[in-house]
Each structure stands twice: as structure tokens, then as C-alpha cells.
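Peer 1: This structure is in C-alpha cells; I'll ask about it shortly.
The values are calculated or read from the model by the stated rules, or taken from the named source; none is laboratory data. Predicted model, so just to flag it, every value in this text is computed and none were measured. Positions of Cβ are backbone-derived with ideal geometry, glycine not excepted, and every protein chain shown enters the neighbour counts.
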Amino acid sequence: MKKSIIALALFGAFAVPAFAQTAAPAAEAEASPHTLTANVGVFSSYRFRGIDQTFGKPAVQGGFDYSHSSGFYAGNWNSNVSSGAGFPEGNIEMDFYGGYKFAVGDFGIDVGGLYYYYPGSNASPLSRTNSKNPGKTVNGTVDNGEIYVGLSWKFLSLKYSYAVTDYFSLPDSSGTSYLDFGANYDLGGGWGVNGHVGHLFAKDYRYSGTTGSDKIDYTDWKVGVTKDFSGWVVGASYVGTSAKGDCGSAEFYCFSNSLNANGTLGSKSKDAGRGIAVLSVSRSF
């Protein structure tokens, strides 16, 4: 193959110089309005809105994104999860999203919807007695549907998400919302710093532990640094929350290492909102 390429190059250089001088330049192909990208990453722990989704174990994540020059986009993202994080019998998270975004100068606006789906999961063990609708039960696969609107200015962003279904299949939790304020600043030389503060506003659903009944709302935060090595981005961050996860008091965010369809918990438990350092390696294609 290399010999053929060399021979072709020599032929082009010496055999047809006159053609090269007189031919009109080839017209540049028009840029396509369609863009398709992929991403993959390995994380020491998967934290969703600050809460541990993998019982402290590593996560392999990745997905695909399509965008059109008009501003419309759609995508899919996936990760392994622990069934004990509220997905009985499930171990995969699949997210599907789409929306429209545009910019006006340094300001950006993004509106869309996001659907979280956990194939193979069974929502029945999530049924609980609460003050709004005592004795209500849930069935089927664990899922969650949200709509969102996001605003951005240079390296700052603000996003509001609103659950149009029961929040991850918890009874009577439709209307739960999440407000996220973030910053992502490029330091140059492949270095970047990022930060985030978010708050979950629970709707109606309450849990009952040994210390009484309480809502599941909380605040979470993250500070981190990244370094780009020829397209491979290495990151380190610290994630913390105010979520109540004391296992001694049976608080809501005390997660087990597993949860089956009968509601049986695994042999280990852990505060899912505890502060933790997360390391990652990711790449977009």
C-alpha cells in the first residue's frame, strides 16, 4: 500500500505538471449542517446530583450526540449503576434527551426534555406510605421524565429541571425540581477548573426513618480541575452534599449495595451523600 501511494505521488509530481497549473481549484465542499459525536469515560464513582449511584465503585459511561446547525439536538447517555441506589434489580441507566439551543452574543439559551430509564428494574419496592396518599404503590420499570431550561453566559451556567413524572418512580413526587448553578473556566494550556452548586426541591414525597418523617430535598456542590492530554481529559473533583444518609438513623440517603424486587437489601450500607473525591478519564470523538 505504501509503495502504491509513493508511486502515485511521483506520477502526480512529474507526469502531469501542465494539468496542475491550468486546472481550476476544486470547489470546497459545503459544511454539513449535521454533527454526530460520541463520548466515553471512566469514573472512580458515579455521582448524580451529588448522590452515589454505584455504591462507591467505578463507572463506565458513554453516549452519542446529534446536533443540527439550526440549534436542535438529541442524544443518548449510559452508565452502570447499583440496584441499591433506588433501582431494584437494575444495573444500567439509559438517558435520552433532545432540545433546542441558541446564542445571542455571549448569552445562551437551552430548552429541552430528558428521560431516565433503568431497563430490568422493578419499582415495586419503592412503594411507601406518605402523608399525601397513604398506601399508594408503584409498579413497572424505574424511570423519570424531566423538562428543563438553561441559561449561560461565557463560563457560567444556570439550569432548572422539573419532573413531569414521579421523580424516579417515588410515589407522589411529580413536580420535584432541581436548580443547578455551574462554572467552567479555561485556564489555558489544556487546564480547566469547574464548580457547581445545586439544590433538589422535593415535591410531597416523604420518607420515614427512626428519627421521623422528612423530605428528601438537599443541596450538593462540586469543585474540580481538568487537564487535556491530546483529547483525553483527566479530571479530579470533590463532591459533597447536605443529604441525610445516616445509616444508624435509617435516613433516606443511606443506600444498600443491592436491592431486589422483593425489597430485600444487600448486606452492606453506606451514606450515599457523603463527601468524596472523584477521579476520571474521558474523551469525545
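Peer 1: For residues that are over 19 Å from the mean Cα position of the chain (by Cα) and assigned to a strand (DSSP E or B), tally how many sit in segment 248-285.
Peer 2: So the count comes out to 8.
Peer 1: For segment 246-281, give me each residue that is over 28 Å from Gly62 (Cβ atoms) and out of contact with any helix residue (DSSP H, G or I) (no Cβ under 8 Å at 6 or more places or on another chain).
Peer 2: Asp246, Cys247, Gly248, Ser249, Ala250, Glu251, Phe252, Thr264, Ser267
Peer 1: Tell me, please, whether a residue that is at pLDDT 95 or above and surrounded by 12 or more Cβ atoms within 10 Å (Cβ to Cβ) can be found in segment 24-35.
Peer 2: Yes, segment 24-35 has at least one match.
Peer 1: Can you name the residue in segment 167-186 that is part of a loop (DSSP other than H, G, I, E, B) and at pLDDT 95 or above and, of all such residues, is surrounded by the most Cβ atoms within 10 Å (Cβ to Cβ)?
Peer 2: Step by step, filter segment 167-186, then rank; the result is Thr176.
Peer 1: Would you mind finding the one in Gly145, Gly192, Gly198 that is within 20 Å of Ile92 (Cα to Cα) and either assigned to a strand (DSSP E or B) or of a type in the set (Val, Ile, Thr) (or both)?
Peer 2: Gly145
Peer 1: Of these, Lys222, Lys227, which one is surrounded by 14 or more Cβ atoms within 10 Å (Cβ to Cβ), among the basic types (Lys, Arg), assigned to a strand (DSSP E or B) and under 19 Å from the mean Cα position of the chain (by Cα)?
Peer 2: Going through Lys222, Lys227 in turn, the sole match is Lys222.
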